[in-house]
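The values are calculated or read from the model by the stated rules, or taken from the named source; none is laboratory data. These numbers were taken from a predicted model, which means no experiment stands behind them. For neighbour counting, all protein chains shown are included, and Cβ atoms are generated from backbone atoms with ideal geometry for every residue, glycine included. We work out accessible area using only protein heavy atoms, side chains counted, and drop any ligands, DNA or RNA first. Shrake-Rupley method; radii C 1.70, N 1.55, O 1.52, S 1.80 Å.
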Amino acid sequence: RFQEAKEIVNLSYFENLKGCTIEHEILLSIQKMRIDGIANNVSNKKNDNKANHKKLLQFLSDSNEIKETNVLGQLFFAISQTYFSNDLKDLSLIYHDKALRIFQDMGDFKEIVKIRAHDISVKHNMLFQKGDKEQILELIPEYEKEIETSMHYSKYVLAYNTRHLAQIYRRQTSDYEKALQLFKWSLELRLEIGFKPYLPASYSSIGDVYMKMGEVNLAIEMYLESSKLAEEIGFIRFQLYPNLQIGDIYLNKQKTEKAYEYYLKALKLASENNYSLGIEQSIGRIEKLNITRNK
């Protein structure tokens with residue numbers, strides 16, 4: 001129901017209301033960007049980072065009118081993120097630090113833990129892209145510290161941090177029991193929060209761990225749940241991924257007809273949604289399957 005949400009958070013509608021302050025306009029703009037971002041992630045589209053950045057910068061000239069300091073902090077952090085998205089990292093850091101100082105002065109720990117969770121995840125992602133295993137392992141105590149803090153202030157951030165730490169145990173240490181414990185904790189929090197776009201990835205991650213542990217029946221159960229939830233909300237990538245994974249399980253068990261069934265379903269979903277990466281992945285699996293059959 002993203003389109004419905006986008007129509008509800010329509011800034012032009014609120015601008016026509018009497019008494020709508022700049023604080024309202026800023027918060028509505030940030031929320032609209034967030035909704036668009038989630039919708040684009042689900043639909044496999046890209047954000048218009050330059051347009052978002054330009055929109056936020058328009059508020060700076062009137063920032064002296066902002067009476068709620070918390071709103072100014074949120075504006076600065078949102079601008080920091082759009083600078084980062086446009087690869088202007090020095091300017092991003094300036095506004096990041098401005099936002100953090102505001103929240104620190106206010107003692108707003110809920111916003112502080114959000115920023116710190118964002119910071120560590122950005123660092124984690126950059127190290128992962130570089131394949132720097134040793135430095136990723138050094139993030140474990142940082143995540144543990146953030147988890148301890150976020151437990152007191154934000155379930156949303158706690159779910160975020162536990163999931164990222166679980167990824168380290170799954171990918172870098174192969175401690176699947178620890179990874180499973182953390183992924184399940186993150187899933188429980190996300191179910192409690194009730195925000196569906198986060199759930200397919202959580203179920204798939206648990207499926208990935210069960211697959212590594214050789215618990216293929218449990219893995220299939222998790223992948224099917226992930227695919228079902230993803231289909232409900234139109235989350236393209238997480239409709240495909242579980243089906244490809246289930247196909248891999250059946251291929252490893254030499255049940256080629258079952259494997260083909262899931263690979264074909266993934267290809268159909270990718271083709272219907274013009275998801276080029278998904279099409280490539282599905283065709284690659286089918287070609288691998290045909291080689292296996294010919295042998």
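Per-structure values
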| item | result |
| --- | --- |
| Accessible area of ASP62 in the full protein assembly, 1.4 Å probe (Å², nearest 10) | 60 |
| Gap separating the Cα centres of region 180-250 and region 102-132, nearest whole Å | 25 |
| Efficiency of FRET from Cβ geometry, LYS212 and GLU257, R₀ 35 Å, rounded to 0.05 | 0.90 |
| Accessible area per residue, Å², the chain with all protein chains present, probe 1.4 Å | 55 |
| Region 100-237 - convex hull of the alpha-carbon atoms, volume per residue in Å³ | 118 |
| Total charge dipole magnitude, the chain, about the Cα centre, Cβ charges on Lys, Arg, Asp, Glu only, Debye to nearest 20 | 900 |
| Unit charges on C-beta of K, R, D, E only; dipole of region 140-249, Debye | 180 |
| Counting all C-alpha pairs of region 45-109, share separated by more than 14 Å (%) | 57 |
| Cα-only Debye scattering, the chain: base-10 log of I(q)/I(0) at q = 0.11, 0.15, 0.16 Å⁻¹ | -0.78, -1.30, -1.41 |
| Of all accessible heavy-atom area on the chain, the percent that carbon and sulfur account for (1.4 Å) | 49 |
| Under the Karplus curve 6.51 cos²θ - 1.76 cosθ + 1.60, θ = phi - 60°, whole-Hz ³J(HN,Hα) for region 150-166, x wherever Gly or Pro sits | 5, 4, 8, 10, 7, 5, 4, 5, 4, 4, 5, 5, 5, 5, 5, 5, 4 |
| Among the listed pairs LYS50/LYS265; LYS145/LYS196; LYS55/LYS98; LYS155/LYS178; LYS55/LYS228, those beyond 29 Å (Cα-Cα) | LYS50/LYS265; LYS55/LYS228 |
| Given charges at Cβ of Lys, Arg, Asp, Glu: region 107-203 dipole, positive-most of HIS164, SER202, VAL113 | SER202 |
| Rounded if a/c under 1.5, otherwise prolate or oblate - region 224-295, Cα gyration tensor axes | oblate |
| Residue-averaged [θ]222 nm for the chain, counting only DSSP H segments that reach four residues, each worth -39500 (n - 2.57) | -25500 deg cm²/dmol |
